[in-house]
1. If you roll a 1.4 angstrom probe over the protein chains with everything in place, what fraction of the accessible area of chain B belongs to carbon and sulfur, to the nearest %?
2. Hey, got the Cα dimensions of the stretch A:254-343 along the principal axes, in Å, largest first?
3. Quote the total accessible area buried by chains B and A together, excluding ligands, DNA and RNA, probe 1.4 Å, nearest 100 Å².
4. Can you return the lysines within cross-link range of A:Lys281? Criterion is Cα-Cα under 23 Å, with same-chain partners fewer than 8 residues away left out.
5. Looking only at Cβ-Cβ distances, which cysteines of the protein assembly as shown have no other cysteine closer than 4.7 Å?
6. Give me the mean projected area, in nm² to one decimal, of the convex hull enclosing the Cα positions of the stretch A:302-371.
7. Rounded, prolate or oblate: which fits the stretch A:218-286, taking a ≥ b ≥ c as square roots of the Cα gyration tensor eigenvalues, rounded meaning a/c under 1.5, else prolate when a/b beats b/c?
8. Run the Debye formula on the Cα coordinates of the stretch B:1-62, all scatterers equal and no solvent, and tell me log10 I(q)/I(0) at q = 0.22, 0.30 1/Å.
Amino acid sequence: MTTTPQDARAEPTPLAPGAPRSGTTFLGLPTAPRGVGHLRGTQSFPDAARTALRDGQLRANLGRATTTIRGKRAAVVAEVPHWEQLRQAGKALKAATMAHLDEHLEELERQVTARGGTVHWARDATEANRIVTELVRATGSDEVVKVKSMATQEIGLNEALEAAGIEAIETDLAELIVQLGEDSPSHILVPAIHKNRSEIREIFRRTIPGVDPGLTDEPRQLAMAARTHLRERFLRARVAVSGANFAVAETGTLAVVESEGNGRMCLTLPQTLITVMGIEKVVPRWEDLGVFLQLLPRSSTGERMNPYTSTWAGVTPGDGPQEFHLVLLDNGRTAVLADEVGREALHCIRCSACLNVCPVYERAGGHAYGSVYPGPIGAVLSPQLTGVEDNASLPYASSLCGACYDVCPVAIDIPSILVHLRAEHVEAQTRPTAESVAFRGLSRVMSNPRLWHLAQRAAGLGRFLSRGRPTLPAVLPPPVSAWTRTRDLPTPPGKSFVQQWTEEHRR
Amino acid sequence: MSARDEVLGRIRTALGEQRPQVAVPPVPGPRSLAPAELLHLLAERVEDYRATVLRCTPDEVPATVVRGLDLALGAGWEPADVVVAPGVPAAWRPSGAPEDDGRPAVQLAAFAATLTGVATAVAETGTLVLDGSPLSGRRALSLLPDVLVCVVEAAQVVPDVPDALGRLDPLAPLTMVSGPSATSDIELQRVEGVHGPRTLVVVLAG
Ligand code: SF4
């Protein structure tokens, strides 16, 4: 028995109406409910990561993909001389928006309504799923086409629709791969990043009816197979469900940023459009888009601009859907907002740059995080949305190297939030865990010179123990073993700096 | 309490009495470029997306549109294969090409190519913006046919994205187009042409 922080993960407890939710913050703000959606995994991060680390294919796929995208991003960011100022403007715009989030949402509602749209509010995933299901039912359609959207993944909308007898068809290529492979997404931008071309070909061969049996693993051929497969579905679709990258309060304009044109198909052809959007996606003014539309594509796909950005305000007679619904989703976001340090996680524009540079993500893969939000942003966002007790290991899923902060287009200080959440988690512990012991112990030792000397000499012993092995063996007694098990402990130098200095100066 | 009031109430609780004051720092404007440099930059950036750019004088637009269609569709295309946005000047249209008559959007998929103008174009990012006006056409028009030919006039080109937003109507259904439809979903390798037009031809006049 070890005492790894045990995540109180999603017990399959169906929530009766009025049943206690997963938790509340000290201000009484509810976090995302258990039993619905995809914010909690079935394993803690260290356990899931250990499994992933054994998968050589996964690591190879991820390593190749993240190396490519890092290079592309760096090149297009370097060509903007005022990148840092843009980034600081993005950060400030988000902070300013959050400070008056209620007012901006009310304005957004007024503007969307004035242009013929209908605005719905959802306290949590369960309520959002119910709203969307009822809206689809009212159209009489039993299928919807979907644009890739983090919010609808977060709330588990596809499962809710399926339970109501409505088929949800993912139309983004990577989402389609994930859906056909009965898999789950592992990256914000490229959900099938863990699959290579031949694995994708196998999925297509197995699942797409009438697919050319001679289909090769050439990416172009695979993309064309998806085009053919989805074309007819787009043309017959009556209802589409999308997310939104931005919503402009002063004009009621929604924006979706995409590459393939599947988004345009969904936003243009069906009669009814339902957009599910986290409340933090609102921006106050039209001109604010000028900042974010420069930051997002360069950080995300490493392009100066993504192929297609669509914007719309309510309904336009004779062009596109004639019925538009906007569902504004809380699902724990207000609980995040209540934390003065943690609220910065709400500034995220979901570019995925922090995933692509993260050494932990690159090795463990997205599935290990157990949430639709993997990587560094997931490590700070998921535990806040669910309450830290439900994702207790995630704040530790980082080496605090700071690469995520450096690339974040809105300069979210992810390392500081991680440390903040660790402290919060340690404080909340009633029983000692490896981390709480380590953190408490560390502060005690560092404030006492004699103990510090002792500790450094003990580290010399650690070097002896670890000689010839990549990590400290798990022979150390619990709870420390739980901490060392998943970390490559750097081999300490033979002598501490103080020992060396003392010896040299004695001579 | 309604969900609306509850969510708004939660936000007020979360923010408390003392709301942070945040100053937004200014962002420097785009680099200043002479008109000729602006067009050159646009052409270069559009080509970077593996789209075709054909430059011409304003008088040469009709002939250049035909040349673009030749390149995209191969010689021997019929004017009936090309659907034209209703606001495109008569002089630009290949003779005999039908105009979008407002038929059900899905029927536009039967055409091989579309000809439109644009609302504005962004040099720095190689982006064309269509705004649903008669010149740009409705959104489905520039989406379903597999070839899109857009005519851009010199005066429509702006340096960067914020300049374009300043010229556009936030209430119009906008489509910002940067190259042909593409995906990088398979091993992050870019493949042009998924669901939107696989071929984009830009006729740049001026
Ligand atoms: S935290 Fe920053 S870098 Fe990471 S996905 Fe969000 S915006 Fe991008």
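The values are calculated or read from the model by the stated rules, or taken from the named source; none is laboratory data. In this text the structure is predicted, and so the values were computed from the model without any measurement. Methodologically, a virtual Cβ is constructed for each residue, glycine included, from the backbone with ideal geometry; neighbour enumeration extends over all protein chains shown. What goes into the accessible areas is simple: the full protein's heavy atoms, side chains included, and nothing from ligands, DNA or RNA. Shrake-Rupley method; radii C 1.70, N 1.55, O 1.52, S 1.80 Å.
1. 53
2. 46, 31, 23
3. Buried: approximately 7200 Å² between A and B.
4. List returned: A:Lys91, A:Lys94, A:Lys146, A:Lys148.
5. For the protein assembly as shown, the answer is A:Cys266, A:Cys348, A:Cys351, A:Cys358, A:Cys401, A:Cys408, B:Cys56, B:Cys150, because their Cβ atoms have no other cysteine Cβ under 4.7 Å.
6. Projected area, direction-averaged: 8.1 nm².
7. In terms of gyration-tensor shape, prolate.
8. Each listed q corresponds, in turn, to -1.05, -1.17.
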